[in-house]
Each structure stands twice: as C-alpha cells, then as structure tokens.
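Step one of this worksheet: look at the structure below.
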Amino acid sequence: MDEITDLFRRAAGHAADYRRSLPDRPVGVPVDQAALTRAFAVPLADAPTPPEQVLAELVAAAGPGLVATAGPRYFGFVIGGASPAATAADMLAAGWDQNAFNAVTSPAAVAAEAAAGTWLKDLLGLPASTSVGFVTGGQAANTAGLAAARHQVLADAGWDVERYGLHGAPPVRVLAGAERHATVDRSLRLLGLGTDALHAVPTDGQGAIAPDALAVALRDVGPGPTVVCLQAGNVNTGAVDDLRRACELVHRHGGWAHVDGAFGLWAAAAPGTRHLVDGLELADSWACDGHKWLNLPYDTAFAFCARPDAHAAAMSYTAAYLVGSGGVPAAADLTAESSRRARGFAAWAGLRELGRDGVAALVERCCALARRFADGLAAAGFEVVNDVVLNQVLVGFGDDARTDRVVGAAQADGTCWVGGTTWRGRRLMRISVSNATTTEADVDRSVAVIRRLAG
Ligand SMILES: *Cc1c(COP(=O)(O)O)cnc(C)c1O
C-alpha cells in the first residue's frame, strides 16, 4: 500500500475505534490538564517527522483528553454527535482539501452548499428565495444576520453603513429578550452597535419574550432604525418566542426581525413541534446551527436571510481578481470568512442520510427522551422547573448547594454528563438531549445514576 493510503486508513481506523467505544466509555473523565499539555508540548524539532509517527503521537497525546460529547449519554450544553455519513463526508472534505470560497476555487463545494441550502430551507419552512451563508456556528450566524439587519435599517434611514460606518449614523436600537443567548451581545459589540444599544424585553415564566412586553418596548423606543432579536430555543428552558406575533409587531414598527434559532429552529422540521415556531417564516433573518441538534460535524451553521441583497451588502467584499462579486452573491459574499473549509459536503451528506422523515424523527425522539428524563426525575421526587416543550430539562434538587453537589457527582461518575446552570437566581441541573444515538435505555440508566447520587 502506498504511504498516503496507509496513513489515511490509519486515521479513519482510529476515528472508528473511538466512535465504537462511545457507548461504553466514561463520558466525562477527570483530566490532568497539565499532563495533557505536557504530552503535546514536545520541543518543535528541527528535522521533519514522518507522518505515521506524527499520527501515532497525536492519538497517544489526545486520547486522555477526549470527551465523549459524540456519545449517547452526553447531555451537556446543547451538543449533538456528528452522524456517520456526515463524519465520513467531513473526512473527505479534509482529504479533498477544497476551499469553499467560491465556484472557481471549488465548484463542487459551492454546488453541495447550494443543494444543502435548498434542503435546509425546505425542512425549516423558510422562503425559497432566502440566502444561506455556511458559517462556523450560531455566533457567526447571529453576526451575519445582525449585520444584514444593521445594513437594512440604516439604509431605510438613508444611511450607507458599509461606506460611512457608524460615525454620525442615526442610532440603531436593538431589542432582545432578557434571556437572549450571550452571543447576541458579542455580535452587537463586533458590529459596533455596542451593548448599550440593547433594550432588554421582559420574558414570560419560561424565558420567552412576552408579546405584550415587546409591543410596549417598541412603543417606548419610538420611530427610528430598530432591530429585534427573537429566540427559538431558550438555552435553559427550550422556550420559543411567539414568532408570529413578534414579527408582526416588529414589521408594523418598520423594524427587522432576527431569530436566534441555534437549536430551536429545528422544531420546524417535525410535525409534533412545528407549532412551537409558528410564524418563523415572517422573520427577516435566522441563525441556525447544524453542529448541535442536526448532528453535523463542527463547525457547521447557517446564516439565513430573507433579503439576499441586504445579506450580500453587509457581508460581501470585492477585489479585481474575484469572480462572483457584483452579480449573483457567491459563497464568500454571505459569510465573514473568505477562504474556508468545504463544510457543505458534510451538511449535504448528513441531510441525505437522514431524509425528511429522519430529521423529523431525530427532533421528536430527542423531545420524547427529554420528557422521559423529566418524568423519571420528577417521579423520584426532584423538581423539574421548566415546561419541557423541546429537548431541554431543568431540575432542582432542593437548595443550590445540594443541586451543585448532585451535578458535580454526576459529572465525576462518568455514566452521563449533565451541566449546571443558574436560571432565575437558582442553581439547576441542565439536561439537553440532542444526540441521534441516545436511546430510552441511555436515559433510564442516567436517571438511575442521578437518583442514586442524589439519595
Ligand atoms: C449555542 C447557541 C448559540 C451559539 O452557537 P455556537 O454554534 O456555539 O456559536 C447561539 N444561540 C443559541 C440560542 C444557542 O443555543
């Protein structure tokens, strides 16, 4: 066998061994971070090292520090595991080493993104004319969506923000729920709007924007450039804003409605949850992750915009040697990246693998398993604090100290991994079911361990 075939097969073999071990390995393991750092921190050699030795050293050094986030009993943050076809496609993306910058650097990457983008819009029920930027995460998608928003609300006020920046511009007011994701604040900072531009809109008992409160907030800010950040999927509770009423209010005000739907937008893809995001198609831009609930590899996310002209005006750049600028937006006109990995191959493969029914089943199964988690812990006498409408569960174990002890003990035990959070002033266990491989048995086993540790 030639050297490169042998090397790639070895890498794939290591990855497959690791994936096979996931159901049985401890999910979170105590890690000696200093030892890990030392294992990597060999002196940089003057002479080259043979590739097969590099691979062996990497596997040995990284092994103790890998977290089984891709496995069936990782319930931390909102983390899914990459599906088999999507992972294999991502390996090919690395092997093919394509630059998804535009159709000259990789016609195939651009075609895959175009096809996957069409499927995504169809699954989510977004207008067919929506532009899709393949970005690195929900953070980047929020930034792109809010950049398009900034462009449009200022253009409507007669101001060219791409040309003049914000110096001397009419003030842009941003309204967002009090329980928005923190990445929204960072996007506003990066866009020069600043967090002082933010008006926090009060939320209801589950952390969703209360439409009446939004109406009051819009009246209070009065006429002028206005952007409203809505949310599909509160990171703690899973709650979704009333998108239909909110978008109608925002548009009546002449504003731009952006939806941060990093994971919650996927409610749109399943008949059992579709009602939660009713009216989502009325928004102007949407941020959605592929690497969370859709079980695509990192770093895959989508910046959708109902106004492709505003999207491209905000994000594109031109240079004499570039094609695609000027006419139809090219891939690089819709993202903050210029050269980038061809993440559309994995998105295409993951969607092709699941199909429409598979995506719906993934969403509904995770929601059902989250309810099973909640029912199991409630039956044991613990307090489920949120309405489990989606894949998120918040649990209290009495006082904060006891809850923190249970969360810590569960993390150290290694059967499963659950997070801790502070919500409405209380420490709580936060459980997110986002992995396609999680079964009822995984949930039952995890509930049993948590019950034992809390007892
Ligand atoms: C995870 C998340 C983000 C950030 O997404 P990344 O992919 O981590 O950049 C933004 N908003 C919400 C609601 C999220 O859950």
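Things worth noting here:
- Between region 231-285 and region 73-138, the alpha-carbon center distance in angstrom: 22 Å
- Close amide H partners of G233, meaning residues 5 or more places away or on another chain with modelled amide H under 5 Å apart, are V240, D241.
- Among G80, A112, P308 - extreme Cα towards positive end, dipole of the chain, charges at beta-carbon: G80
- Look at where the Cα atoms of region 1-43 and of region 188-229 average out, and the two centres are 45 Å apart.
- Where the chain is the region considered: accessible area per residue in Å², 1.4 Å probe: 43 Å²
- Within region 265-391, the proportion of Cα pairs with more than 18 Å between them is 66 percent.
- When the Cα atoms of region 195-350 are aligned to their principal axes, the ranges along those axes come out at 50, 38, 27 Å in descending order.
- Percentage, to the nearest whole number, of Cα pairs in region 371-421 over 19 Å apart: 23 percent
- For the chain, the alpha-carbon radius of gyration amounts to 1.02 times the rule-of-thumb value 2.2 N^0.38 Å expected for a compact globular protein.
- Size descriptors for region 1-99, from the alpha-carbon set: Rg then Dmax equal 15.6, 44 Å.
- Carbon + sulfur, % of accessible area of region 89-349 - ligands and nucleic acids excluded, 1.4 Å: 57 percent
- Charge sum, other residues only, whose C-beta stays under 14 Å from A155's C-beta, Lys/Arg counted +1 and Asp/Glu -1: -2
- Charged neighbours of L453, selected by a Cβ distance under 9 Å, balance to +2 (K, R count +1; D, E count -1).
- Relative contact order of the chain, defined on C-alpha pairs under 8 angstrom at six or more residues apart (%): 23 percent
- Tail weight of P(r) past 23 Å, computed on alpha-carbon pairs of region 89-349, percent: 48 percent
- Estimated translational D of region 242-294 in µm²/s (Stokes, Kirkwood radius over Cα pairs; 4 °C; 1.567 mPa s): 113 µm²/s
- Helix-only arithmetic for the chain: the sum of -39500 (n - 2.57) across DSSP H runs with n ≥ 4, divided by the residue total, places the mean residue ellipticity at 222 nm at -14000 deg cm²/dmol.
- Taken one residue at a time, the phi angles of region 181-196 give Karplus couplings (6.51, -1.76, 1.60, θ = phi - 60°) of 6, 4, 5, 4, 4, 5, 4, 5, 5, 4, 8, x, 7, x, 6, 5 Hz. Gly and Pro are set to x.
- Among beta bridges that DSSP assigns inside the chain, antiparallel share in %, nearest 5: 55 percent
The values are calculated or read from the model by the stated rules, or taken from the named source; none is laboratory data. Since the model is a prediction, treat every value here as computed from it, not as a measurement. All Cβ positions, even for glycine, are placed from backbone atoms using ideal geometry, and neighbour counts span all protein chains on display. Accessible surface is based on the protein model in full, side chains and every heavy atom, while ligands, DNA and RNA are left aside. Shrake-Rupley method; radii C 1.70, N 1.55, O 1.52, S 1.80 Å.
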